[in-house]
Amino acid sequence: MLLEMKNIDKAFNGVPVLKKVQLEVERGEVHALLGENGAGKSTLMNVLTGVYPRDGGTVTFDGQQVEHATIKKTEEMGIAFVHQELNLFNDMTVWENIFLGKEIVSRLGRCNKKEMIRKASELFSQLDVKIDPTEKVENLKTSEKQLLEISKALFFKAKLLILDEPTTALNNDEIDHLFQIIRNLKKNGTSFIFISHKMPEIFRISDRYTVFRNGEYIASGSIREITPEEITKLLVGNADSFRDIYEERETGETILKLRDYSGPGFQHINLDIKRGQIVGLTGLQGAGSSELMQCIFGITRGTGGYIEMEGKKIPPSSTHKTMKAGIAMLASNRKENSVIPDMSLLENMYLAEHTLSAKQFPIHRKKEQEKYEKYRQMLNIKAQDSSDSILSLSGGNQQKVFLARWLNTNADVLLLDNPTQGIDVGAKAEIYKLILQLAKEGKTILINTLEIPEIQKIADYCAVFYEGRIVKILQHEEITEQTVMLYSTNAAEA
Ligand SMILES: Nc1ncnc2c1ncn2[C@@H]1O[C@H](COP(=O)(O)OP(=O)(O)OP(=O)(O)O)[C@@H](O)[C@H]1O
Ligand SMILES: [Mg+2]
């Protein structure tokens with residue numbers, strides 16, 4: 001056994017979040033750590049790596065008792081941690097980020113920049129990662145940043161690598177690539193703790209699993225001896241919220257009209273979207289669906305054609321005017337686009353509404369509190385107090401707050417880009433119900449996602465993108481994983 005954690009206790013401000021939990025990881029295995037949002041997965045990893053001290057329990061790693069873990073000490077022991085949220089310095093270069101605190105120095109004590117750049121290139125070419133070591137991190141795409149984080153951890157030959165939701169910003173090819181790297185390292189005896197909410201990937205890469213619920217240890221075993229349905233049951237306690245929830249609805253007149261609309265990353269889009277419709281957009285990363293959303297919302301500027309909301313043209317590249325026209329958008333990357341770290345979770349939730357209704361002061365604290373309470377219950381947001389820092393919430397629970405932020409704007413059209421990233425299966429089902437309910441009430445929803453089951457559950461139809469264009473519209477009953485893949489890889493054409 002490489003790692004044994006026993007009877008681990010941890011509380012924040014007197015509230016226990018880990019209650020006598022255990023985790024055992026063998027040499028050369030991928031161990032999936034599973035649990036709903038707020039179950040305590042990241043906290044246990046923070047305890048293991050000395051980010052937080054534990055309140056009780058024992059840890060043995062590689063035959064050694066770990067008494068007072070610190071980040072430095074556990075790194076030296078061979079534990080590398082790729083955090084759920086990116087931890088890079090944007091204003092530094094790629095190589096500086098890799099070697100931060102571990103600089104290679106020449107005999108004269110000077111930093112050996114050339115050597116570090118060379119080593120970084122060598123690592124990237126070994127891993128087949130196409131990143132320039134001298135590039136500033138802020139110029140990287142989100143997926144490149146995630147790959148950099150992982151490469152960085154791999155650089156210092158760890159015995160145990162913790163990957164906390166490593167694939168949220170990766171496309172399918174990049175995920176395949178990452179899994180290949182994991183398999184290769186496994187052969188050399190490296191162990192992995194793999195945290196993810198995506199069932200297919202858990203089953204593809206893991207050897208064993210451990211399930212937590214509400215800070216308690218529930219079960220562990222071999223992945224080969226369990227099914228996704230059984231895991232889901234262990235995760236949520238019951239599974240009756242997973243029945244088919246889609247129902248056909250009456251839809252209204254056209255609310256959003258796109259004509260020959262072109263912009264950065266997409267061309268010649270024609271769509272007529274009706275009030276009350278739920279439209280799925282999908283395609284491989286970079287195929288144009290996310291880019292289209294950003295342009296509709298005014299983050300980028302259209303280059304041709306036009307877009308109308310209720311018969312009126314929307315002025316280009318003004319998110320404020322777009323919001324005023326009644327369009328709201330949940331952006332795709334939480335850490336980079338949504339979190340305001342020094343605001344409370346209530347303030348984070350109300351940000352959009354306050355921006356929109358700037359003139360309607362004073363703010364009604366009591367009303368806000370009531371509404372927050374409504375969303376907290378509906379989305380099962382695990383938080384102690386609405387005045388707590390947003391950063392004290394687990395990743396998935398932060399995402400729920402941002403979803404609430406946009407659901408709360410009274411906008412007629414909601415653009416949701418990858419809305420359920422990092423959200424557990426139980427809460428996902430709640431969100432789907434909520435989206436269907438909103439549509440019934442006349443809201444129009446565009447949802448961009450790479451997760452086909454998501455579109456399958458709620459979309460009236462789905463537009464599949466390939467190289468910047470819509471290559472296929474699939475009606476609700478036509479949406480299957482296979483057909484979507486067929487069109488998004490352009491295999492239908494070939
Ligand atoms: N620094 C902190 N201060 C206060 N509470 C915290 C802090 N960090 C975590 N918590 C609380 O501990 C609980 C467990 O959080 P944790 O981040 O471990 O969940 P998780 O299992 O990783 O969930 P997710 O899948 O959403 O990432 C949550 O209720 C969270 O709000
Ligand atoms: Mg987490």
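Each value in this text was obtained by applying a stated rule to the coordinates, not by laboratory testing. Computed from a predicted model, the values in this text were never measured in an experiment. Positions of Cβ are generated from backbone atoms using ideal geometry, with glycine treated the same way; all protein chains shown enter the neighbour counts.
Each stretch of four or more DSSP H residues adds -39500 (n - 2.57); spread over every residue of the chain, this sum gives -10000 deg cm²/dmol at 222 nm. Shown is the FRET efficiency for Tyr246 and Lys374, computed with R0 = 35 Å from the Cβ-Cβ distance and rounded to the nearest 0.05: 0.90. Between helix 172-187 and the chain, what is the angle of the helix's C-alpha long axis to the longest principal axis, kept within 0 to 90° and rounded to the nearest 10? Helix 172-187 and the main axis of the chain meet at about 10 degrees. Annotation: amide H-H contacts under 5 Å for Leu330 (H modelled 1.01 Å from N, sequence separation of 5 or more, or interchain): Leu415, Leu416, Asp417. Taking 0.36 nm per residue of separation and subtracting the Cα-Cα distance, full extension of the segment from Val105 to Ile340 would add 80.9 nm.
For the chain, the longest principal axis of the alpha carbon atoms and the long axis of helix 345-356 meet at an angle near 30°.
This model, with +1 at the C-beta of Lys and Arg and -1 at the C-beta of Asp and Glu, gives segment 269-348 a dipole about its Cα centre of some 220 debye.
Across the options Asn112, Ala492, Asn172, the greatest Cα extent toward the positive end of the charge dipole of the chain (unit charges at beta carbon of Lys, Arg, Asp, Glu) belongs to Asn112.
Helix 142-155 axis versus longest C-alpha principal axis of the chain: approximately 10°, rounded to the nearest ten. Only one residue of His31, Val413, Gly14 has its Cα farthest out toward the positive end of the dipole of the chain, where Lys and Arg carry +1 and Asp and Glu -1 on Cβ, and that residue is Gly14.
In whole angstrom, how far apart do the alpha carbon centroids of segment 247-263 and segment 421-492 sit? So the separation of the two Cα centres works out to 15 Å. Residues of segment 25-62 with an amide N closer than 16 Å to a point placed 7 Å from the Cα of Phe203 along the Cα-to-Cβ direction: 32.
With the contact rule set at Cα under 8 Å and sequence spacing of 6 or more, what percent relative contact order holds for segment 353-480?
Values: 111 pairs, mean separation 22.5, N = 128.
It comes to 18 percent, rounded to a whole number.
Of the peptides 278-288, 471-481, the ranking by mean beta-carbon count within 10 Å, highest at the top, reads 278-288, 471-481.
Considering only Val401, Ser387, Ala427, the residue lying farthest towards the positive end of the dipole of segment 364-494 is Ser387, judged by Cα position with unit charges set on Cβ.
Considering only the Cα atoms of the chain, their convex hull presents on average a projected area of 25.0 nm². Computed from point charges on the beta carbon alone (+1 for Lys and Arg, -1 for Asp and Glu), the dipole magnitude for segment 254-488 about its Cα centre is near 660 Debye.
Potential lengthening of the chain between Thr70 and Tyr306 amounts to 79.4 nm, from the contour at 0.36 nm per residue minus the alpha-carbon distance. Based on C-alpha pairs under 8 angstrom that are at least 6 apart in sequence, the chain has a relative contact order of 16 percent. Residue by residue, segment 320-333 carries 3J(HN,Hα) couplings of 5, 5, 5, 5, 4, 6, x, 10, 10, 9, 8, 6, 7, 10 Hz when phi is fed to the Karplus relation 6.51 cos²θ - 1.76 cosθ + 1.60 (θ = phi - 60°); x denotes Gly or Pro. Our summary gives segment 3-239 a relative contact order of 29 percent, counting only alpha carbon pairs under 8 angstrom and 6 or more residues apart. Amide H to amide H distances under 5 Å link Leu281 with Ile447, Asn448, Thr449, Ala463, where only residues 5 or more positions off or on other chains count and H is placed in the peptide plane.
Placing +1 on the Cβ of every Lys and Arg and -1 on the Cβ of every Asp and Glu, with nothing else charged, gives the chain a dipole about its Cα centre of roughly 1020 debye.
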